[in-house]
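Here's the structure we're looking at; comments come further down.
The values are calculated or read from the model by the stated rules, or taken from the named source; none is laboratory data. None of the values given here were measured: they were computed from a predicted structure. Cβ placement follows ideal geometry from the backbone for every residue including glycine, while neighbour counts extend to all protein chains displayed. Please note that ligands, DNA and RNA were not included when accessible areas were found on the heavy atoms of the full protein model with its side chains. Shrake-Rupley method; radii C 1.70, N 1.55, O 1.52, S 1.80 Å.
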Amino acid sequence: MAEEVLVFGAWGSPFSRRVEMALKLKGIEYKYIEEDLTNKSPSLLKYNPVHKKIPVLVHNGKPVAESLVILEYIDETWKDHPILPKDPYERANARFWAKFIDEKCLSAIFKACWGEHYEHEKAEKEHEKAVKEVSELLQFLENELKEKRYFGGETVGLLDIAANIIGYWLGVFEEASGAELLTREKFPKLCNWANEFVCVTAIKENLPARDKLIAYLRNRFGAGNASK
């Protein structure tokens with residue numbers, strides 16, 4: 001009996017793209033269902049009644065929600081091309097940094113790019129503060145890469161996939177908002193990693209069109225708070 005794998009996602013979401021990246025890396029066929037997040041489908045609400053959010057993976061009728069949880073489920077279900085290390089400490093480390101990206105980095109990056117709207121002088125100070133915070137957070141990831149090609153070593157792993165926000169979306173956020181956050185001068189290892197990461201076939205095939213994403217972000221959030 002053929003397996004049924006469904007992915008409910010949104011084209012511009014780094015979270016649903018993570019799920020597709022992992023499935024592509026493992027060579028798993030799936031059906032993708034694009035959700036209109038302003039008018040969520042009955043299926044999405046049925047499969048994720050708690051959060052009512054994408055992404056949701058449905059495997060033979062059983063739903064799994066939350067992108068990092070889904071990545072672990074995929075790795076435990078389909079053993080080819082493992083994305084989590086075998087060593088328990090290394091696995092814990094990958095989970096820690098993946099959570100760090102979602103809980104610390106994303107909100108700080110967003111604030112540095114679009115922030116809150118203050119009067120000009122206060123806005124500049126808030127922007128500088130937000131940029132400094134992002135710089136400190138990115139430095140942790142720069143240090144974590146050490147001399148490795150990928151966070152996962154010689155192959156793309158769970159942490160690389162979780163860091164898709166840094167590897168692709170951050171550059172798009174910078175261009176859309178005018179902020180400057182990930183520079184080669186400050187973060188040479190992260191920049192090299194990002195270049196390698198987006199060239200991997202399974203990753204490249206699952207990146208939204210840059211121009212379309214920039215237009216969407218500018219339309220939704222404006223041109224950004226970066227001080228000129």
| remark: The answer for trypsin sites (Lys or Arg not before Pro) in the range 36-130 that fall in a DSSP coil and have at most 15 neighbouring Cβ atoms within 10 Å is LYS40, LYS52, LYS79, LYS86
| field | Kirkwood-Stokes translational diffusion coefficient of the chain, alpha-carbon pairs, 20 °C, 1.002 mPa s, µm²/s | value | 116 µm²/s
| message | As I understand it, the value is the acute angle between the Cα axis of helix 67-77 and the longest principal axis of the Cα atoms of the chain; what does it come to in degrees, rounded to 10? | response | 30 degrees
| said: Need the list of lysines near LYS40 for cross-linking: C-alpha distance under 21 angstrom, and skip anything on the same chain fewer than eight residues off. | reply: LYS31, LYS52, LYS53, LYS62
| said: On a full-extension model of 0.36 nm per residue, what is the gain between ASP211 and GLU90, subtracting their alpha-carbon distance, rounded to one decimal in nm? | reply: 39.9 nm
| task | Run down the lysines and flag those whose C-alpha is under 25 Å from the C-alpha of LYS122, throwing out any fewer than 8 positions away in its chain. | result | LYS104, LYS111, LYS132, LYS228
| remark: At R0 = 30 Å the Cβ-Cβ FRET efficiency linking GLU180 and LYS104, nearest 0.05, sits at 0.90
| field | Whole-percent carbon and sulfur share, accessible surface of the range 5-77, 1.4 Å | value | 55 percent
| message | Output the 0 to 90 degree angle, nearest 10, between the alpha-carbon long axis of helix 210-221 and the longest principal axis computed from the alpha carbons of the chain. | response | 60 degrees
| query | Where a Cα-Cα gap under 16 Å defines reach, which lysines qualify for LYS79, not counting those fewer than 8 residues away within the same chain? | reply | LYS24, LYS26
| task | For the range 88-221, with all protein chains present and a 1.4 Å probe, just round the carbon and sulfur fraction of the accessible area to a whole percent. | result | 51 percent
| Per-residue HN-Hα couplings for the range 199-205, Karplus 6.51 cos²θ - 1.76 cosθ + 1.60 at θ = phi - 60°, whole Hz, x for Gly and Pro? | 8, 5, 3, 5, 7, 4, 6
| query | Pairing the Cα long axis of helix 88-100 with the longest principal axis of the chain, what angle in degrees results, from 0 to 90 and rounded to the nearest 10? | reply | 50 degrees
| query | Which whole-number value in Å² is the accessible area per residue of the chain, probe 1.4 Å? | reply | 53 Å²
| field | Length-normalised contact order of the range 14-108 in % [C-alpha pairs under 8 Å, at least 6 apart] | value | 24 percent
